[in-house]
Amino acid sequence: MPPPAAPRQLPRPDFSDVPEARRRNMAAVRGRDTKPEMAVRQMLHAMGYRFRLQRQDLPGRPDIVLPGRHAVVDVRGCFFHRCPNPGCKNSVLPKTRADWWAAKLARNVERDLANQAALESAGWRVFVVWECQVRSDRGALAQKLADFLGPPGIARRESEP
Ligand SMILES: [Zn+2]
């Protein structure tokens, strides 16, 4: 009896699926201290808010935490986290191996939703900033953040360790 055929390994998609310009964006949004996240931190700081970074003890290790306001600001890359904004060019799936990408990114979205639900059930308020909001209209984003967080300079203890 012949040995069973080895399962055929599907080639693993790589970033050659993704056009060069978008790949640069994706590389920028993959790690910590990414550009959009830095931009949001700088924006919040300039507005007078003080915050903590990446609380390891919170679900999903959120980027920006304002403990005194029970608030979390989560900066999400549009491609990897499937930005819902209509017209967001960075959230378009690659044409190549679209199914693989769809499945992979769906897991990211699931994880984001689970983390957000866990944060909220622990009493945190979560504000999601999409990368494209940072790139397009910072004035509008600043206003939304201020509406969500409340006036700066009240919850002083945020600046303490
Ligand atoms: Zn977007």
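Structure data summary
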| quantity | calculated |
| --- | --- |
| Order of F80, F148, F51 - criterion: other Cβ atoms within 10 Å of each residue's Cβ, fewest first | F148, F80, F51 |
| Per-residue Cβ neighbour rank within 10 angstrom, fewest leading, S91, S121, S136 | S121, S136, S91 |
| Per DSSP, loop trypsin sites (Lys or Arg not before Pro) in segment 79-161 with at most 14 further Cβ within 10 Å | K95 |
| Per-residue Cβ neighbour rank within 10 angstrom, fewest leading, T34, T96 | T96, T34 |
| Where labels lie 7 Å past Cα in the beta-carbon direction, separation of R125 and A146 in nm | 1.6 nm |
| Separation in nanometres of the label points that stand 7 Å from Cα toward Cβ, at H45 and R135 | 2.4 nm |
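Laboratory data are not the source of any read-out in this text; all were calculated from the coordinates shown. Fair warning: this is a prediction, and the values are worked out from it, not measured in the lab. With ideal geometry, Cβ positions are generated from the backbone for all residues, glycine too; neighbour counts draw on all protein chains shown.
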